[in-house]
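Accompanying notes for the structure given below.
The values are calculated or read from the model by the stated rules, or taken from the named source; none is laboratory data. Bear in mind the structure is a predicted one, so any value in this text is a computation, not a measurement. Quick reminder, even Gly has a Cβ in these numbers, built from the backbone with ideal geometry, and neighbours come from all protein chains shown. For the accessible areas, the whole protein counts, side chains as well, though only heavy atoms, and no ligand, DNA or RNA atoms are used. Shrake-Rupley method; radii C 1.70, N 1.55, O 1.52, S 1.80 Å.
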Amino acid sequence: AAAAGGAAVADLLAAVEQSCCGAPVGLLASGHAAHAALCALLWSASEGRFGAAVLAGVYVCPRLRDLETGRAPAAPAAASHLVDALPALRSPLLLLHGAEDTASPVSHARMVHHAACGAGVPSRLVTYPRQGHELEEESDLRDAAERACGWFLEHLQTAGEGGERP
């Protein structure tokens, strides 16, 4: 997974390491950032660095995505190994995806969801009808925000004394 994510993943993990004092972190990302976040989740799966993640419009492998959407594959071959790494997922995942997304096919979110479930990791996939790569309807945006907040509240460990949530 490290080769697939490259410098963006290394930078993300370094920032988390420097700023989070070892506490589990919630990760929220969409589109290309969701791909990098998925790489980070896999790269650091054994460390328990991420307590929960919400990924919107995620894709697993740029080459596979490009083939499915009819674009010329332009990603490095190493990215295809990410598919094989999916069973290593350990962080609870909420996946949000537009059902009509032509940039990142919803099949990728399904692949991640099934891998997480197969690994015994809490995972939920929510698809939004009539929505593409970016959610545009106000009701769907509100729903996604409420689900993301609820997911983090449910899955991030309590912080500080007295059981207060982060």
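Side notes on the structure shown:
- Conditions (1) open to solvent by 60 Å² or more (accessible area, probe 1.4 Å); (2) over 21 Å from Leu64 (Cβ atoms): number failed by His133: (2)
- Filtered by the rule that a residue be at pLDDT 75 or above and open to solvent by less than 20 Å² (accessible area, probe 1.4 Å), the stretch 54-90 gives Val54, Leu55, Gly57, Val58, Tyr59, Val60, Cys61, Leu82, Leu86, Leu89.
- Here is the figure for the stretch 91-130: residues that are open to solvent by 50 Å² or more (accessible area, probe 1.4 Å), among the β-branched types (Val, Ile, Thr) and either more than 15 Å from Gly31 (Cα to Cα) or part of a strand (DSSP E or B) (or both) total 1.
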